[in-house]
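Here is the structure we will look at.
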Amino acid sequence: GGDQTATVLTLCAMMDFNLMQETCQLAIRDVGGLEVLINLLDTDEVKCKIGSLKILRKISHNVQIRRNIVDMGGLQSIVKILDSPVKDLKALAAETIANVARFRRARRTVRQYGGIKKLVKLLDCVPNLASLTANQEKDVEVARCGALALWSCSKSTKNKEAIRKAGGIPLLGRLLKSPHENMLIPVVGTLQECASEESYRIAIQTEGMINDLVKNLSSDNDELQMHCASAIFKCAEDKKTRDLVRKYKGLQPLVSLLAKANNKQLLAAATGAIWKCSISIENVAKFQEHKALETLVGLLTDQPEEVLVNVVGALGEFAQIPDSKATIRKCGGIKPLVNLLTGTNQALLVNVTKAVGACATDKENMAIIDQLDGVRLVWSLLKTPVQMFSPILRGPFVHALRMQRMQGKCICAAIAKIAKDKENLAVLTDHGVVPLLAKLTNTTDDRLRRHLAEAISHCCIWGSNRASFGEAGAVAPLVRYLKSKDSTVHQSTAMALYQLSKDPHNCITMHEKGVVKPLIHIMGSNDEMLQEAAAGCVRNIRLLALANRKARLFY
């Protein structure tokens, strides 16, 4: 109700209250103070605007107040102030936006009213000079507040793209060289948030930011270390980034961060970065110089799932090296890994099955896994989507088959299911599944025969597996399966014989073993799939015979 001086004095008096206290924040709103403060932003009086923003900056820490500000159209007025020539005003406006833009609608409003471009402009300063003038110091403070606001806004995918289009990446890269932690935290926070987008990951790598991120891993500030490790975690999907982290000696600082096990957010970021960096075998060797594997095994228990996912992911990569498999066993890592197979977190289960699978290629490890009932636990996971558990194939199933530590029918049923996926089938083939299945074909157990024939049928699809089954002597025993009284054995056997008959040498073997007569009998079955498989097999044998006859007549 008073003039400008009275208004400024009133604002100063309000600042004497504890504006971070919720009762004060809500009291201002409840007596209509928010409307007055927002209206002051549209006046031409700089001091009134500064006083209003100083109050709004503090009370906007309250979730309800943020929403009220947006509902009243206050965010649009704050965004307009970003164009002001007064640096104090711009800094206060950006810092207020940083608080308000913590929910989706507010972030969208900032973008729709041109706020992203204006905030990116604020980043243009000289942050790394040893001695700054008073004016330059204000520029740096404006840039810091701009980075804070962009950090909040960057949680939106559209805003990430808007920041990139506005030229934000090189400016953030320049600020990354700042010696000041209060500048670095929002800058790295924004970069790690945006690193979920490929365009940012490429830019972080190509514009030399990896070196700065690695340097700041050695900071004394846990929050800064966490954001740097998180940025590396997201960027290290790319091999060049993994190589750069090694080149700039970033692997040892990452291992050092594992000692801060009480800070779970930092631990999750550090273990994530180690996991992704360990995809490169060269990095695993470096990690081992700093005893990373032993430390990671120690983190397999009493940790939140976000940490476990990363720890187990890293162990899966380390275990690609033979010596690491033995180290995991000697450090007592097999039991906690097997225990994690009983969980429900899908991301964790994917990594656990890969790690257990990699460890199981070591005979002593496989014995422990078997003793702990690990193979049964892995088998139980097949009730979930099959493709998710393709890493299982790299270990327990093929090795259990080789060592005959588990009933053959269970393994064959699993292989039949998993082999429907081409990638899984390729892995099975690489692990020598064809000769192992062929060795089982002389069985007289109808339950095993059914699953075995089905597994052979699916495995025939890949490469030269049909011919390999023939060379391994699997065809002749399969023909005998047609004498079984179990109709389910007939169905899977007919399917297998049909697939095998696509190789001419197998056709000859089948014909010699008298397959045609039982197949013709099966063609009279009521089961259409069985009819088609039997007819297809007979057709292939007949086509080969006709071709041979024509060849003899010709010559």
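The values are calculated or read from the model by the stated rules, or taken from the named source; none is laboratory data. Model, not experiment: these values are computed from the prediction. When we count neighbours, we look across all protein chains shown, and the Cβ atoms used for this are built from the backbone with ideal geometry, even at glycine. All accessible areas refer to the heavy atoms of the entire protein, side chains included, with ligands and DNA or RNA removed. Shrake-Rupley method; radii C 1.70, N 1.55, O 1.52, S 1.80 Å.
Numerical summary
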quantity	calculated
Residue selected from region 425-478 under the condition β-branched (Val, Ile, Thr), in a helix (DSSP H, G or I) and under 34 Å from the mean Cα position of the chain (by Cα), by the criterion farthest from Gly357 (Cα to Cα)	Ile456
Filter result for the condition that a residue is of a type in the set (A, V, I, L, M, F, W, C), touching a helix residue (DSSP H, G or I) at 6+ places or on another chain (Cβ under 9 Å) and surrounded by fewer than 24 Cβ atoms within 10 Å (Cβ to Cβ), over Ile210, Ile204, Ile185, Ile232	Ile185
Verdict on Lys215 being modelled with pLDDT of 95 or more, under 22 Å from Ser156 (Cβ atoms) and in contact with a Gly (Cβ under 9 Å, 6 or more places away or on another chain)	no
Those residues of region 460-499 which are aliphatic (A, V, I, L, M), open to solvent by less than 10 Å² (accessible area, probe 1.4 Å) and under 16 Å from Cys412 (Cβ atoms), in sequence order	Ala474, Leu478, Val489, Ala496
Residue within region 35-52 that is of a type in the set (Val, Ile, Thr) and crowded, with 23+ Cβ neighbours inside 10 Å present	no
Residue that is within 30 Å of Gly32 (Cβ to Cβ), among the hydrophobic types (A, V, I, L, M, F, W, C) and at pLDDT 95 or above, where the choices are Val120, Val70	Val70
Every residue from region 298-321 that is within 19 Å of Asn345 (Cα to Cα), part of a helix (DSSP H, G or I) and not acidic (Asp, Glu)	Val307, Leu308, Val309, Asn310, Val311, Val312, Gly313, Ala314, Leu315, Gly316
Within region 236-282, helices (runs of 4 or more DSSP H) holding 2 or more residues that are open to solvent by less than 10 Å² (accessible area, probe 1.4 Å) and farther than 19 Å from Glu198 by Cα	251-257, 264-277
